[in-house]
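Read through the structure below, which is laid out as structure tokens, and then see the notes.
Values quoted throughout were computed directly from the atomic coordinates according to the rules given, and no laboratory measurement underlies them. The model shown is predicted, which means the values in this text are computed figures rather than measured ones. Neighbour counts run over all protein chains shown; Cβ positions are idealised from the backbone, glycine included.
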Ligand code: ADP
Ligand code: MG
């Protein structure tokens with residue numbers, strides 16, 4: 001993998017983990033130089049932006065790097081005038097085989113039990129997760145965790161992984177998103193050169209672990225092959241007393257297209273739900289996060305932030321980061337109410353955007369005369385794909401939604417698919433006359449609505 005490609009993949013991760021403001025800052029100011037002695041060298045134009053990036057985003061950048069390529073040890077951020085010292089003729093190449101082997105068992109370091117604030121809304125889940133970590137396969141099997149977006153499901157799964165890796169390093173832990181599980185299976189089935197080998201490798205991987213975690217199972221594909229494979233994976237692991245942990249945004253009975261035999265199995269062990277945290281817990285979470293970012297913010301101010309975001313902890317963290325970035329952009333060491341108001345104003349503006357996803361979808365379906373179901377669905381014919389990609393592009397132009405969210409709107413598509421659609425239309429609306437006209441017409445239409 002080339003360094004530029006590595007950075008591109010990291011940006012995909014960073015887009016999710018940092019606030020929108022932060023992400024724009026990163027894309028504008030920072031670019032990759034080389035990989036030297038196991039270190040990724042990034043460069044910014046000025047000393048000021050170097051300091052900002054170092055102070056605000058270093059840990060997220062490092063985390064993204066470790067997700068994409070865990071063999072690298074560290075990140076160094078330099079300024080442009082030092083660049084020559086750090087560039088190499090031939091950057092250390094990252095071999096694809098290394099990449100595949102290690103990518104799975106990496107857990108995000110800061111997603112630990114220690115960093116997980118426990119309150120009434122999540123104490124049950126936290127206790128069940130802890131019990132499972134201490135005796136995998138022995139207590140609650142499977143453990144099924146469900147709760148709304150941004151309430152800490154992925155955090156908990158990683159915490160279990162980190163705990164087991166530290167305390168029982170011999171156990172093989174495997175974390176996978178449901179989407180990835182499905183994609184790998186489809187690839188294995190499609191491998192026409194060596195169909196049986198590919199399937200064997202897939203089974204070997206998923207049935208040989210001691211702990212299997214599947215995140216966001218609600219995205220399970222309804223194809224028989226996927227459900228069948230999941231069923232057998234489940235049985236094999238379960239019978240061997242290996243721990244299975246599953247997360248979902250809803251309880252088993254509400255997951256569409258789930259075969260009954262899987263639905264019942266998911267309920268064999270323990271089902272634990274995470275609810276939105278109360279104010280007190282939200283403040284405690286903010287205290288923890290601001291300490292992690294070395295920001296000095298008074299409790300009164302944290303309370304104001306906590307009061308303004310009521311359900312989604314990811315959004316609440318985003319707002320906190322925004323407050324901290326604001327303060328640092330204008331060189332305020334002390335964070336006062338003015339800064340918070342400023343950041344909040346942006347946040348609430350985002351919330352009540354006049355143009356909504358629906359406005360955009362309505363305009364696109366009207367313009368191309370297709371129905372909404374087809375637009376957000378799975379059909380792949382050109383008459384639908386093109387309007388769909390245009391619609392995705394327009395959503396990214398008008399709204400500040402995370403790519404994963406947009407993926408959810410379009411039938412659970414991957415954020416990279418969304419990114420691809422956006423980039424493609426952006427490019428084509430410049431060069432291809434026809435697409436350019438569509439985009440312009442639609443923008444006018446949306447603004448008039
Ligand atoms: P989900 O997978 O449920 O959508 P995540 O696990 O990605 O949510 O959590 C979103 C963000 O909120 C993460 O940064 C996570 O660390 C944070 N978070 C959620 N719950 C807690 C908690 N109880 N304590 C500390 N941080 C939390
Ligand atoms: Mg998650």
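Express the relative contact order of segment 3-89 as a whole percentage, based on alpha carbon pairs under 8 Å and six or more residues apart in sequence. Let's see the in-between values first.
Details: 105 pairs, mean separation 30.5, N = 87.
Contact order relative to length: 35 percent.
Along each principal axis of its Cα atoms, how long is segment 110-193 end to end? Whole angstroms, biggest number first, please.
51, 32, 25
Antiparallel as a % of all DSSP beta bridges within the chain, to the nearest 5? Let's see the in-between values first.
Numbers: 6 of 30 bridges.
For the chain, the DSSP antiparallel bridge percentage is about 20.
What nm distance separates the two modelled labels at residue 222 and residue 123, each placed 7 Å from Cα along Cα→Cβ?
4.1
What distance in nm separates the two pseudo spin-label positions at residue 417 and residue 79, each 7 Å out from Cα along the beta-carbon direction?
4.5
Per residue, how big is the convex hull of segment 279-347 when only Cα atoms are used? Give it in Å³.
Details: hull volume 5.0 nm³, N = 69.
Cα-based convex hull of segment 279-347, divided per residue, equals 72 Å³.
Hey, what did the chain get for relative contact order, percent, Cα under 8 Å, at least 6 apart?
Numbers: 600 pairs, mean separation 61.4, N = 449.
Contact order relative to length: 14 percent.
Using bins 10 angstrom wide from zero, how does P(r) for segment 3-89 break down, in % of all Cα pairs?
Calculated over all Cα pairs of segment 3-89, the distribution is 18, 57, 24, 1 percent.
Given 0.36 nm per residue, what is the gain on full extension from residue 292 to residue 239 after removing their alpha carbon distance, in nm?
14.9 nm
Consider just the alpha-carbon atoms of segment 353-448 and return their Rg together with their Dmax, both in angstrom.
12.0, 32
Take the alpha carbon atoms of segment 168-218, find their center, do the same for segment 40-84, and report the distance between the two centers in whole angstrom.
Cα centroid to Cα centroid, the span is 33 Å.
How long are the three semi-axes of the equivalent ellipsoid of segment 123-274, in whole Å, if each is the root of 5 times an eigenvalue of the C-alpha gyration tensor, listed from largest down?
So the three semi-axes of segment 123-274 are 24, 18, 13 Å.
State whether the chain is rounded, prolate or oblate according to the following rule on the C-alpha gyration tensor (a ≥ b ≥ c being the square roots of its eigenvalues): a/c under 1.5 gives rounded; otherwise a/b larger than b/c gives prolate, and the remaining case gives oblate. Mind dumping the intermediate values first?
On the way: a/c = 1.28, a/b = 1.13, b/c = 1.13.
It comes out rounded by the Cα gyration axes.
Report the FRET efficiency, 1/(1 + (r/R0)^6), for residue 199 and residue 378, where r is their Cβ-Cβ distance and R0 is 25 Å, rounded to 0.05.
0.55
Let's test the formula: R0 of 25 Å, r as the Cβ-Cβ distance of residue 356 and residue 263. What FRET efficiency results, to the nearest 0.05?
On the way: r = 34 Å, r/R0 = 1.35.
The pair residue 356/residue 263 has a calculated efficiency of 0.15.
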